[in-house]
1. Please report, in whole Å³, the volume per residue of the convex hull around the C-alpha atoms of the range B:1-60.
2. How would you order A:189-196, A:110-117, A:148-155 from highest to lowest mean count of nearby Cβ atoms within 10 Å?
3. I need the semi-axes of the equivalent ellipsoid of the range A:109-212: take the C-alpha gyration tensor, multiply each eigenvalue by 5, square-root it, list largest first in whole angstrom.
4. Sticking to Cα atoms, compute the Rg of the range B:222-276 to one decimal and its Dmax as the biggest Cα-Cα distance, whole number, in Å.
5. Before rounding to the nearest 500, sum -39500 (n - 2.57) across all DSSP H runs of length at least 4 in the protein assembly as shown and divide by the residue total; then give [θ] at 222 nm in deg cm²/dmol.
6. Where does the charge balance sit around residue A:105 when Lys and Arg score +1, Asp and Glu -1, over other residues with C-beta under 12 Å from its C-beta?
7. Taking residue A:265 in one copy and the same position in all the others, each labelled 7 Å out along Cα→Cβ, what are the pairwise distances from the first, in nm, shortest first?
8. Pairs B:195/B:247; B:108/B:247; B:22/B:271; B:150/B:195; B:56/B:150; A:150/A:247: which are spaced more than 24 Å apart, C-alpha to C-alpha?
2 protein chains.
Amino acid sequence: MNQKNIKVLKSNGEMVDFMPDKLKSALMRSGADAKEAESIVNTVISSIGERTKTGKIYKIAYNLLKQKSKYVAGRFRLKQAVYDLGPSGYPFEKYVSKLLEYQGYKVKVNIIENGACVKHELDVVAENNEERLMIECKFHRDKGHKNDVKIPLYIHSRFLDIKASWEKSGDSKLNYFGMIVTNTRFSEDATEYGKCTGMRLVSWDYPHGNSLKDWIDRADLHPITSMNSLTKLQRQSLLDSGVVLCKEIVENHDVLLKLGLRLQKRDEVIKEAEVLSGS
Amino acid sequence: MNQKNIKVLKSNGEMVDFMPDKLKSALMRSGADAKEAESIVNTVISSIGERTKTGKIYKIAYNLLKQKSKYVAGRFRLKQAVYDLGPSGYPFEKYVSKLLEYQGYKVKVNIIENGACVKHELDVVAENNEERLMIECKFHRDKGHKNDVKIPLYIHSRFLDIKASWEKSGDSKLNYFGMIVTNTRFSEDATEYGKCTGMRLVSWDYPHGNSLKDWIDRADLHPITSMNSLTKLQRQSLLDSGVVLCKEIVENHDVLLKLGLRLQKRDEVIKEAEVLSGS
């Protein structure tokens, strides 16, 4: 592959070397074969310059990929799709809870629970046979946003207060953990504080091998915001009615009723939902 | 005294009964005698109506008091003077540290200290023979601002991290406490969380008998923003050069040099500073 040395601009303002291999493997993870991916990367290289934004690069690649298959492109746009769950944080919370259910947890969303000192509004509480997790979801629309150390600091105190109350109720042999899941990133000291206190911090690509991206890859649970066959308004309308997964469309076509689609369009949407949810 | 039943509007939007006795005692704390105070309160009552803002009431009373003595009025305006330490929070931190010095603590301001997990920027660390305090100052310009429970939650985690590091260094028999000092207020659950965890929360009028107002009353350390003989710009210029107390003017007249005052004006300023700092 043509290894041109180009500095590109990340969404947080950082200048980094453009890595053709990274783009290639992202394209292949999205379903392109090696030859297709390489051809797209080469076209991208010839069309970008110094300081091109990585977002723009991925957009170009996405458009090229889309020409081959809109379903493949839907997967590729996953990170953007997670951003598109906003502006409110609620669909993201619901999406995270679905990913945890896939991992075998029983999940409760948006509950008010007494701590030892005060009441707390908890985004997600997830439990399996071994552990119970108190999870705070931090959704941000600004792609450059870093969750600073204040977030794990206050969530840790909240967790300790909740844990003390869970321990008082006493009948459980579960281990308790605090967790923060974000669609953006954590600052370095936030990550450090998480490691040090045993709190689990999950961001788009942290920790390696068990990041939000990995959760989504393993579960193959694509949010409806991945779908190209729906307009932005139609997606928002589904989110507003509590539908967050492509899979929910596959399992119950009736969730599409309120969109008033023509039969042919409806079938196209269902077909895309099926492909994206691996049905 | 004419006990008219008037509902007035607090800065946080709450409607409360107007309390003539409270205004009277505030005026007397500021140095007015009983007769003066009562006469002012009666004039105030005749000039306000339903839903008058408490801020406005105090302004009217202040203007009446000012007609009697601008030094007395300076004391009366103390709460406003503390707000006027802004917009940045730094003069407030310095003011809080001076109040703590008066209480017998040795004080360090704005230091970076290693916690057991991560580094923290600490506003004030105060120590006497018995205890060491980690103090976070929360200055707000918006009078209706309530510090919500997230503030003591994250400060508590920060305190535990710092405490663990202090305990590791080991040679001390001090007790360690976390403290938050604000010029506004705390929400109810913030206060509750503070009590429950043993963190000391100090706001303008909390806790009763040991509030920021009480600290200032006992120390008689008035900020330069109390002074009527200085313009807003002149006060800001002094704050920018690190002068926060009237007392600092009394102890070193040279701090006024940069204001370029005429001799007569300079003497007027020094005289007011002397009265306000009880010299």
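Derivation of every value follows stated rules applied to the coordinates shown; laboratory data play no part. All figures in this text were calculated on a predicted structure; none of them were measured in a lab. Don't worry about glycine lacking a Cβ; one is built from the backbone with ideal geometry, like all the others, and counts go over all protein chains shown.
1. Taking the convex hull of the Cα positions in the range B:1-60, it is 72 Å³ per residue.
2. Ranking, from highest mean packing down: A:148-155, A:189-196, A:110-117.
3. In descending order the semi-axes read 24, 14, 13 Å.
4. Calculated on Cα positions, Rg and Dmax stand at 9.5, 24 Å.
5. -14500 deg cm²/dmol
6. Computed value for this residue: 0.
7. 7.2
8. Check vs 24 Å cut-off fails for B:195/B:247; B:22/B:271; B:56/B:150; A:150/A:247.
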